[in-house]
Amino acid sequence: ARSLLRFDGRVAIVTGAGRGIGRDYALLLASRGAKVVVNDLGVDLTGLGKNSKPVDEVVQTIKSFGGIAVPNYDSVEDGEKVIKTAIDNFGRIDILVNNAGIIRDKSFSRISDLDWDLVHKVHLRGSFMCTRAAWPYMKQQKYGRIIMTSSTSGLYGNFGQSNYSAAKLGLVGFMNTLALEGQKYNVFCNTIVPAALSRLTQGLIPEEVGEIFKPEYIAPVVCYMCHENCTENGVVIESAGGWAAKVRLQKSGGVAMRKAENTFSIEDVQSNWDAITDMTCNPLYHTSASEATAHTVKLILEKLNDSSKPIPTSFESAI
Ligand code: NAI
């Protein structure tokens, strides 16, 4: 028999846990023994207003089955206050699920400064503020599990969501660097790309798909990614309806076009364009920027076939 994956002794913060997908994360974590900070500002879909009821309902539900939870009603933009609630009540922070979110959908020509800024503030700055406040605790205790929440809109694009797409893919970039910086402290950061019927997707996801895409079906995936058994770091997992898959950026084999100094023109780029953009030939996947740059340097030097040029030492190890 498989043993249950539990979170006894662990303290988790789930932001935007008053409803939707985050609510189910909080319930599942608490049902498996985690002490949970239930954060939610209780805003409307566009980020306006304030309401403590959603958080209180979730805390009450957790307590009703004997779980441990405390409320936090601050905005994720006040990340220090959110983390402080965990420290003050439970003395530590092990798991941070950056989940709070809003949308302000408009076709790009109609996007206002406010539409752009509010969406960025909640998703990108909110995740930054909470993560920065949790980071020193996790680093010091040499344990941490951090989740970013991205979206298919960011990964693949979606009509009417230029603001949201930019913020959501920004979180993947944020994760990429945290994964590198946290690795040696056993502080791992991964990204979930959920799809579920919630008020956020009402009208976007057809009602009949809603039965397949229940918010509760994301929770086991994210809870596994938050467990100490999961040593994954820096990956993007797309999930819906009890299905999950890994997503990564793909690079073509590329073409080094310069044969010698000063022999490289716009026309060379045109005549090589099909090869540059050919994704069928030796696709590459990198796990850091230095690895990517090292690979480029290697190809350029190979093309120049100039052994007198040493490979820069800073890239040697990556090659
Ligand atoms: P939801 O609207 O049901 O829940 C989001 C919660 O975040 C709300 O309770 C809201 O009050 C809270 N919130 C908003 N701004 C906040 C702030 N500044 N501070 C604290 N809490 C705040 O939405 P849902 O669907 O549960 O979304 C959760 C996350 O998943 C979001 O980041 C969303 O962008 C993302 N997502 C959802 C998808 C879906 O299919 N539902 C698809 C892709 C991504």
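The values are calculated or read from the model by the stated rules, or taken from the named source; none is laboratory data. As the structure is a prediction and not an experimental result, all values here were calculated from the model. Here Cβ is always computed from backbone atoms with ideal geometry, including for glycine, and neighbour counts include all displayed protein chains. Heads up: the accessible areas ignore ligands, DNA and RNA and are worked out on the full protein's heavy atoms, side chains in. Shrake-Rupley method; radii C 1.70, N 1.55, O 1.52, S 1.80 Å.
Data for the structure
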{"item": "Mean-position separation - Cα centroids, the range 163-184 and the range 205-257, in angstrom", "result": "15"}
{"item": "Rg in Å to one decimal, and Dmax rounded to a whole Å, for the range 228-309 via C-alpha atoms", "result": "17.8, 57"}
{"item": "Dipole magnitude (debye, nearest 20) for the range 4-121, charges at Cβ of Lys, Arg, Asp, Glu", "result": "360"}
{"item": "Packing rank of 143-152, 31-40, 247-256, where each peptide gets the mean count of other beta carbons within 10 Å, highest leading", "result": "31-40, 143-152, 247-256"}
{"item": "Dipole magnitude of the range 85-165 about its Cα centre (Cβ charges: Lys, Arg +1; Asp, Glu -1), debye to nearest 20", "result": "240"}
{"item": "Span-rule helices in the chain, defined as complete DSSP H runs reaching 27 Å or more along the axis (Cα) with Kyte mean at least -1.0", "result": "162-182"}
{"item": "Cα-only Debye scattering, the range 177-238: base-10 log of I(q)/I(0) at q = 0.23, 0.25 Å⁻¹", "result": "-0.89, -0.97"}
{"item": "Dipole-positive endmost among 220, 146, 161 within the range 138-234 (Cβ charges, Cα centre)", "result": "146"}
{"item": "Percentage relative contact order, the chain, counting C-alpha pairs under 8 Å, at least six apart", "result": "13"}
{"item": "Apportionment of accessible area to carbon and sulfur, the chain, percent (1.4 Å)", "result": "54"}
{"item": "Fluctuation leader among 280, 85, 15 - the chain, Gaussian network, Cα springs under 10 angstrom", "result": "280"}
{"item": "Residue 224 - accessible surface, heavy atoms, 1.4 Å probe, Å² rounded to 10", "result": "100"}
{"item": "Computed over the range 95-160, the ratio Rg/Rh where both radii use C-alpha atoms and Rh is Kirkwood", "result": "1.09"}
{"item": "Of the trypsin sites (Lys or Arg not before Pro) in the range 257-301, those whose Cβ has at most 15 other Cβ within 10 Å and which sit in DSSP loop", "result": "258, 259"}
{"item": "Cα-Cα separations in the chain greater than 37 Å, expressed as whole percent", "result": "25"}
{"item": "Listed pairs 35/81; 35/142; 121/168; 81/121 exceeding 22 Å between Cα atoms", "result": "none"}
{"item": "Projected-area average for the range 50-151 over all orientations - Cα convex hull basis, square nanometres", "result": "7.8"}
{"item": "Translational D in µm²/s for the range 1-55 (Stokes-Einstein at 20 °C, 1.002 mPa s, Kirkwood Rh from C-alpha pairs)", "result": "178"}
{"item": "Dipole magnitude (debye, nearest 20) for the chain, charges at Cβ of Lys, Arg, Asp, Glu", "result": "800"}
{"item": "Taking the convex hull of Cα positions in the range 121-267, its mean projected area over all directions (nm²)", "result": "13.1"}
{"item": "Gaussian network model of the chain, springs between alpha carbon atoms under 10 Å - residue of 292, 86, 26 with greatest fluctuation", "result": "292"}
{"item": "Most mobile of 44, 268, 113 in a GNM of the chain (Cα contacts under 10 Å)", "result": "268"}
